[in-house]
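To start, the structure under review is shown below, and the notes come after it.
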Amino acid sequence: MGYLHISNLQKSFGPTQVVKDFNLSVEKGEFISFLGPSGCGKTTTLRMVAGFETPSAGTIQIEGRDIVRLRPNQRNIGMVFQSYALFPNLTVADNVGFGLRVAGVSRAERAERVAEMLGIVGLGEYGARYPFQLSGGQQQRVALARALAVRPQVLLLDEPLSALDAKIRVSLREEIRAIQRKLGITTIYVTHDQEEALSMSDRIVVMNNGVAEQVAAPYEIYNRPTTRFVANFVGTLNLIEAQVADGPAGVVEIGGTPLPLGRPVQGATVALALRPESVSLVPASGRDVPLPAEISEVHFLGSVIRIRARVGTASLSLDTFNTPDAPPPPVGEQARIWLNPRDLMVLEE
Amino acid sequence: MRMQRVWAWVALAFGLVYFFLPLIGTVEFSLRMRRGEYSLDAYRVVLSDPRFQQTFSYSVVMALCTIVVGVLIVVPTAYWVRLRLPRLRPIVEFVTLLPLVIPPIVIVFGYIRMYNTSSFLPLTGSATGTNFLLMMGYTTLALPYMYRAVDTGLRAIDIRTLTEAAQSLGAGWFTIMARVIMPNVLVAILSGAFLTFAIVIGEFVLAALLNRPAFGPYLQLVGANRAYEPAALAVIAFSITWICMGLIQLVTRFSRHTQARR
């Protein structure tokens, strides 16, 4: 059992079941992201861990102790909100020291801890300011310092960067991850931004319709999605309905070309997925297999050129780097595209 | 466009004349106690009258008690309705509007009937009981203003997230109310408090029918028997109201954390 253990967690609002049988075990110091579209249940799950929602069923344990019956203020779980939620009437220092004051920490100790936390988030000089005198990014750093000041057992972040502009978002996510690593705090991060989840997390929980579709490291999630939803949701993907030529031998056909998958498959057809970067116009290795194709679209995106090619009834996207010596093929040209059959992912429904 | 602007100025001028002319007349009349010259004699007479001091201080104390009770009732109610019972909001708003629809005379007759000396709770049987009854009556009369002021203040902040943030930091309900909610709606509470103060200082019906020595009945008494003093009292009452309004502005201006919202 992990440091934070969630088992059979369910939540219904009236007849609508928002979270269905959610299970997760988080190790101490791990950074976990809940990734999914709006309404998938990720924030509700987070709020149940925080204590703001009561589960319809299931348990949430921290170090083996069930916390479901505890009120939010008894759980020692820090939370950072999308809208910062800084207390407008308090200065930055008072905001950071709020939890410590509630806990009855002495004034001197509080001042020391506040200074330490503000130093960690790089706002040591801003203690006397009010939240309205800070930028969005600075406010979110204060919110992070405030949540961490009380030394919570678990830190929850509910889409903390969604209200910020793109540049700040990138720098702040790196900062959050660095602080989390430094303090070694167990963290759950809710986001609908796959880039955020992929770049920050030790593991990602991809959620859909209240269910954890896949729980794995970012590399696994991206390269080996186990369901059609995960494959579709994370990154850009070619979805191919291939004919099974020899099920036990794991050979399928795309556009009439036989491709060995290296694993047995069942049924007459099989759902396959392939990343655009796994397809190319020239062979990348000796294992690559050519497929006859017709170029149907060419999109020049600067450093990358995205090409769509028809292979039999399938339509595949492929990304190729822009090099001045190799202009993209014209639309309508008959070409050969190359792929390694091992890059084809077999999807479960 | 030009004509529209002219009409706007005409409407403004009419409004100013309508509101200020009677006031100017009252001020001017209050200064004419001494024959042939302007003087502050009427004010001197009023302010040196021991009944003025007694009734005014009585009403000030009642107003302060009313404000405390009003805040204790309204702030937690408005907060809870916004936080947990948003579906009850139309009902609560309707209830808070009732004092504007039901005349004070109906309220006070209800009180007298319910709490007379032969009732189960004979509040009118003692001065303290009647004072309590009067204060609750004032609280009722001020309810629409206090509730709206506080509710508007609560609307300006994200109370749900602030409450959850405080809870996640270990705060209980009392700490949340005292250190997070109250300070952030302080300006709204003060607006409601000053309005309550102005209402209580000038209220006549409840105090007269409950036979309490308040400022309203004193105003009426002087008005019925004297010429210049009632005008002076009216100016004093107006000044109190305006000072209250000015204080609201002052508090808003000097409350540092509210600067961002303005």
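Bear in mind these aren't lab numbers, they're just calculated from the coordinates by the rules spelled out. Given the structure is predicted, the values throughout are model-derived calculations rather than measurements. Please note: Cβ atoms are built from the backbone with ideal geometry, for glycine as well, and neighbour counts cover all protein chains shown.
Before moving on, here are some points about what is shown:
- Over 33 Å [Cα-Cα, chain A], rounded percent: 43
- Shielding of peptide A:101-110 by partners, expressed as the average count of other chain Cβ atoms within 10 Å per residue Cβ, is 2.
- Cα gyration tensor, the stretch A:21-138 - rounded (a/c under 1.5), prolate or oblate: prolate
- Projected label distance in nm at B:PHE20 and B:ALA178, using a 7 Å step from Cα toward the beta-carbon: 4.8
- Translational diffusion coefficient of the stretch B:51-261 (Stokes-Einstein, Kirkwood radius from Cα pairs, 10 °C, 1.306 mPa s): 85 µm²/s.
- Charge tally around A:SER280: other residues with Cβ under 13 Å, Lys/Arg +1 each, Asp/Glu -1 each, net 0.
- Over all pairs of different C-alpha atoms, the stretch A:106-173 has a mean inverse distance whose reciprocal, the Kirkwood radius, equals 12.8 Å.
- Each Lys or Arg adds one and each Asp or Glu subtracts one; over the other residues with Cβ under 14 Å from the Cβ of B:ALA166, this totals +3.
- Shielding score for A:87-96, defined as the mean number of other chain Cβ atoms within 10 Å: 5
- Remark: A:LYS11, A:LYS28, A:LYS182 ranked as A:LYS182, A:LYS28, A:LYS11, counting other beta-carbon atoms within 10 Å and listing the fewest first.
- Against chain B, whose longest principal axis is taken from its Cα atoms, helix B:2-30 shows a tilt of about 60°.
- Backbone HN-Hα couplings from phi across the stretch B:133-149 [Karplus 6.51/-1.76/1.60, Hz, Gly and Pro as x]: 4, 5, 4, 5, x, 4, 4, 5, 4, 7, 3, x, 6, 5, 5, 5, 4
- Label-point separation, A:THR236 to B:VAL68 (7 Å along Cα→Cβ), nm: 7.0
- Virtual spin-label span in nm between A:GLU220 and A:ALA178, 7 Å along Cα→Cβ: 2.9
- Projected area, mean over directions - the protein assembly as shown, Cα convex hull, nm²: 44.6
- Cross-link partners of A:LYS11 among lysines, defined as those whose alpha carbon lies under 17 angstrom from its own and excluding same-chain residues fewer than eight positions apart: A:LYS20, A:LYS42.
- Förster-model FRET efficiency, 41 Å R0, B:LEU221 and A:GLN133, C-beta, rounded to 0.05: 0.15
- Legend: ranking of residues A:ASP66, A:ASP325 from fewest to most surrounding C-beta atoms inside 10 Å; resulting order A:ASP325, A:ASP66.
- Distant-in-sequence amide H partners of A:ALA216 (H built 1.01 Å from N, under 5 Å): A:ILE204, A:VAL206
- Seen from A:VAL331, the other residues with C-beta closer than 10 Å to its C-beta sum to a net charge of -2, counting Lys and Arg as +1 and Asp and Glu as -1.
- Rg and Dmax of the stretch A:182-222, Cα atoms only, in Å: 10.6, 34
- In plain terms, the residue of A:TRP338, B:TRP9 with the fewest other Cβ atoms within 10 Å comes first and the most crowded comes last, giving B:TRP9, A:TRP338.
- In the stretch A:91-169, GluC sites (Glu not before Pro) in a DSSP loop with at most 16 other beta-carbon atoms within 10 Å: A:GLU125
- FRET efficiency estimate (nearest 0.05) - Cβ-Cβ, B:THR152 to A:ALA57, R0 51 angstrom: 0.80
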